[in-house]
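Okay, structure first, notes after.
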Amino acid sequence: MKTLHTLRNHPEDTVYIETGEEEIVSEDGRFVSEEEYWEKYYSHPDFSYEWNNGYLEEKPVTDFKGSKTYQWFLVLLHQFLENFPAAKMIGLEFGFRLALPRKTSIRKPDLAVVLNSNPIILGDNDFSYRGTFDLCIESLSYSKRREIIRDTVEKKKEYQNIGVKEYYILDARGSETAFYCLGPKGKYRKIKPINTDVIQSGILPGFQFRISDLYRQPSLEETADDEIYSSFVLPFHRKVRLRAEQSESQLISERQRAEQEFQRAEQERRRAEQEFQRAEQERQRAEQAEQRAALLADKLKELGISV
């Protein structure tokens, strides 16, 4: 039998997971020490928790629409870093500690980037990052309004104050999508789109994308042929395609040259036939003239005229 569990900190929330006879309840809003968080909740098997100055904050689950937007951006960024390995990309459930002036939090961005130039190296065996991410990406969930505010207001302020160089908010519905970079005074300012649509990263030179494509989600094959993405999306595919096009163009040129050679040969053959016909006509005229001369000589001889 299911029973409902209401948490003291958020009485409007009732979250439970039923696994057989044992019921696992979310502890969103519970006060725990940082040591306890790292020990019990950072890698919790059933819920993804962040830690905000002593309180657990459960990360929401996105819907399918949000997942498609996130996956498209993830693949695009992966394509860029595969061809321009200037940084490492970190996926879900990988956190970092924000020692802010008035509080401490531990956040797990949906996606993050550590530049190779970052003084804190990200080790292959690390389970969290000891430095500050250079780029954080959050994909919005619409399960609760306070979760939207957490990503668009609270985390934005935290990331700004800790020095995250760029912060992207991906909203599959479009209303909250935003892209920020740190200004000279350490404050976030919106990245101004080129032609109202193209965002260019300041920390990953060459990485760019259309805001509209976040919602349209064109295929890799389509983006590979797009001037916005062609420098880093499927370069091998593009090279193979270009080689195929060049080979096809070369074959067409060879075929055209062969046809031209055939036409020239045909013209030469026709001219040779014409020359042969003219020579044959001349020979026939000569024979006819010779025959006429012989007949004339015979007649003259009959008449007793010596030729």
- Query: Which one of these does residue 91 not meet: (1) surrounded by fewer than 13 Cβ atoms within 10 Å (Cβ to Cβ); (2) assigned by TED's automatic domain parsing to the domain that holds residue 140; (3) more than 18 Å from residue 167 (Cβ to Cβ); (4) touching a residue at least 12 places away in the same chain (Cβ under 8 Å)?
  - Reply: (3)
- Query: Does at least one position in the range 28-45 carry a residue that is out of contact with any helix residue (DSSP H, G or I) (no Cβ under 8 Å at 6 or more places or on another chain), in a strand (DSSP E or B), at pLDDT 95 or above and more than 30 Å from residue 223 (Cβ to Cβ)?
  - Reply: yes
- Has the range 66-82 got any residue that is surrounded by 15 or more Cβ atoms within 10 Å (Cβ to Cβ) and outside any helix (DSSP H, G or I)? no
- Query: Out of all the residues in the range 227-245, which are modelled with pLDDT under 95 and either among the small types (Gly, Ala, Ser) or within 26 Å of residue 175 (Cα to Cα) (or both)?
  - Reply: 230, 231, 244
- Residues that are among the charged types (D, E, K, R) and either within 18 Å of residue 121 (Cα to Cα) or touching a Ser or Thr at 6+ places or on another chain (Cβ under 7 Å) (or both), drawn from the range 63-94: 88, 93
- Message: Can you pull out every residue in the range 163-176 that is crowded, with 18+ Cβ neighbours inside 10 Å and either within 12 Å of residue 211 (Cα to Cα) or in contact (Cβ under 8 Å) with a residue 60 or more places away in the chain (or both)?
- Response: 168, 169, 170, 171, 172
- Query: Of the residues that make up the range 96-115, is at least one within 24 Å of residue 204 (Cβ to Cβ), surrounded by fewer than 17 Cβ atoms within 10 Å (Cβ to Cβ) and not assigned by TED's automatic domain parsing to the domain that holds residue 36?
  - Reply: yes
- Message: Which condition from (1) surrounded by 10 or more Cβ atoms within 10 Å (Cβ to Cβ); (2) out of contact with any helix residue (DSSP H, G or I) (no Cβ under 6 Å at 6 or more places or on another chain); (3) at pLDDT 90 or above is the one that residue 217 breaks?
- Response: (2)
- Query: Could you count how many residues in the range 115-147 are under 20 Å from residue 177 (Cβ atoms) and not aliphatic (A, V, I, L, M)?
  - Reply: 11
- Message: Name the residue that is surrounded by the most Cβ atoms within 10 Å (Cβ to Cβ), counting only residues in the range 117-151 that are of a type in the set (S, T, N, Q) and in contact with a strand residue (DSSP E or B) (Cβ under 6 Å, 6 or more places away or on another chain).
- Response: 139
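Among residues belonging to the range 206-235 that are of a type in the set (A, V, I, L, M) and assigned to a loop (DSSP other than H, G, I, E, B), point out the one that is farthest from the chain's Cα centre (by Cα).
From the range 206-235, those of a type in the set (A, V, I, L, M) are 211, 214, 220, 224, 228, 233-234; that's our starting set.
Within this subset, residues satisfying the condition of being assigned to a loop (DSSP other than H, G, I, E, B) are 228, 233-234.
On the way: 228: 9, 233: 5, 234: 8 Å.
Going through the qualifying residues, I end up with 228.
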- Restricting the range 129-154 to residues that are part of a loop (DSSP other than H, G, I, E, B) and modelled with pLDDT under 95, which is farthest from the chain's Cα centre (by Cα)? 144
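The values are calculated or read from the model by the stated rules, or taken from the named source; none is laboratory data. These numbers come from a predicted model, not from an experiment. FYI the Cβ positions are ideal-geometry reconstructions off the backbone, even for glycines, and counts take in every protein chain you see.
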